[in-house]
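Note sheet for the following structure.
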Amino acid sequence: MSVRNDATVKVPHSLSKPPYNQTVLKLNGLSVIESCLHTQGTKGTMFLEDHLLLFVLGGVYKVRFGNQEYAVSKNQMILLQKSIVVEYEKSGDPESEYRLDYMLFFLKEDVLREFIKLADHKVSYPALLVPVCVHPVNDRLVSYLDSLKPYFKEPDRINDGLVKLKLLELLFDVADADDRFLLHFLQLKRKTRKEIAEVMEENYMNPVSISDLAYLSGRSLSSFKREFQAMYNTSPLQWMRNRRLDKAKELLSQSDLSVTDICFTIGFENVAHFSKVFKARFGYPPSALKKA
C-alpha cells in the first residue's frame, strides 16, 4: 500500500524532526541521514537545501526532477544539486519484507571547496554540463558505508573532526569509483547563467530563498539583487509574494482545492499569514472566493 506525504519537506532540516525522526550525524558542512524502514511505497516532495548524495543499500528510491525520473536501486548512487524541488517514491525489496535501506549525504559549498583543494585537481570545468545519472557503488564504497553505521548508534559522542574526515574520505572514494563524479562536483560549483525571468517563473511556488534563486541563476547574491531590481523595479521577495498571490487567486476561482491546500501549494507555510496578505492585496479574504 502506497503512502503519500503532500507537504513539501525542506531537507535536511526537517528529517530529524517528527514525523520523520531519522538518525542524523551533523557537522557545519554536512548532514548524514541513515534510514532503514519497511515500506511498500512512500511518495512525497522535498526541497534540497544542500547538494544531495544518495546511496541505496536495499530497495528502490525513485527521484523525479522536471520531466526526468531516476531509479536508484541496491548498490547505486546519485548526486543532485541544491535549491531544487524533487519528487520521490521509495519502496522496499519484496524479497526482504519490503525493507528499504539508504543513506543521504547533504553537502555544503565549503566542504566541496575543501575536497577539490585537497584533491589537487587543476580546475578545468567541463565544457558541457554533466547530466544527472545513476552510478554503481563499488565494494570500496559499500565498505565505507558499513563503517559509518556504528556512528549512528551514538551520534552525540562522535567528534566533529572525525565526521569531517569521514566525509572527505567519502568524496575521494566516490570520485575514485567513477571519474565522471569529479565533473559532477565541479559542475555544482559552476552554474550556467540563466535568464532571471525564467528562474523566477520556474521556482516561485517552491520554498526558495533569495540565495537559492541567485544560485539557480548562476549569479552572486549581490549581482542577482541588482539585476532583478533593474528589471522589475521591486525586490525579489515582493515579486514572489505577488506572483504567488495571483496564482492563489487563480486556483481559488478555478479549482476544488481548499484554502489550506492552496496556501501550501503556492509556497506559503502559514494559513493565517496567507489569508492576511491575500486580503491586503485584493481587499477580501481567500475564503470569499471559495464561497462564491
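The values are calculated or read from the model by the stated rules, or taken from the named source; none is laboratory data. This is a predicted model, so every value here is computed, not measured. As a convention, Cβ positions derive from the backbone with ideal geometry for all residues, glycine included, and neighbour counts pool all protein chains shown.
Taken together, the residues in region 118-137 that are modelled with pLDDT of 85 or more and under 21 Å from LEU48 (Cα atoms) amount to 2. One residue stands out among those in region 141-161 that are loosely packed, with under 12 Cβ neighbours inside 10 Å and not polar (S, T, N, Q): the one that is modelled with the highest pLDDT, which is ASP146.
Identify all residues within region 155-207 that are assigned to a loop (DSSP other than H, G, I, E, B) and within 17 Å of MET103 (Cβ to Cβ); write none if there are none.
Across region 155-207, the qualifying residue is only ILE158.
Every listed requirement among (1) among the acidic types (Asp, Glu); (2) surrounded by fewer than 20 Cβ atoms within 10 Å (Cβ to Cβ); (3) modelled with pLDDT of 80 or more is met by ASP6 save one, (3). For residues that are more than 16 Å from the chain's Cα centre (by Cα), modelled with pLDDT of 85 or more and surrounded by fewer than 18 Cβ atoms within 10 Å (Cβ to Cβ), tally how many sit in region 182-212. Final tally of qualifying residues: 5. When restricted to residues that are surrounded by fewer than 13 Cβ atoms within 10 Å (Cβ to Cβ) and under 17 Å from PHE278 (Cα atoms), region 230-249 contains 2.
Only one of these is outside the structural domain of VAL85 (by TED's automatic domain parsing) and touching a strand residue (DSSP E or B) at 6+ places or on another chain (Cβ under 8 Å): PHE274, PHE268, PHE224, PHE264. Name it. Give the steps one after another, and end with the answer.
Details: PHE274 fails: touching a strand residue (DSSP E or B) at 6+ places or on another chain (Cβ under 8 Å); PHE268 fails: touching a strand residue (DSSP E or B) at 6+ places or on another chain (Cβ under 8 Å); PHE224 fails: touching a strand residue (DSSP E or B) at 6+ places or on another chain (Cβ under 8 Å).
Exactly one of PHE274, PHE268, PHE224, PHE264 is outside the structural domain of VAL85 (by TED's automatic domain parsing) and touching a strand residue (DSSP E or B) at 6+ places or on another chain (Cβ under 8 Å), namely PHE264.
State yes or no: is HIS38 in contact with a helix residue (DSSP H, G or I) (Cβ under 7 Å, 6 or more places away or on another chain) and of a type outside the set (Ser, Thr, Tyr)? The answer is no for HIS38.
May I ask you to list the residues in region 9-28 that are outside any loop (DSSP other than H, G, I, E, B) and at pLDDT below 70? The answer is LEU27, and nothing else.
If you filter region 29-40 down to residues that are small (Gly, Ala, Ser) and at pLDDT 60 or above, you find that the one that is surrounded by the fewest Cβ atoms within 10 Å (Cβ to Cβ) is SER35. Listed by first and then second residue, the pairs linking a residue in region 105-121 that is crowded, with 16+ Cβ neighbours inside 10 Å to a residue that is assigned to a strand (DSSP E or B) and among the small types (Gly, Ala, Ser), with Cβ atoms under 7 Å apart and 6 or more places separating them unless they lie on different chains, are PHE106/SER31.
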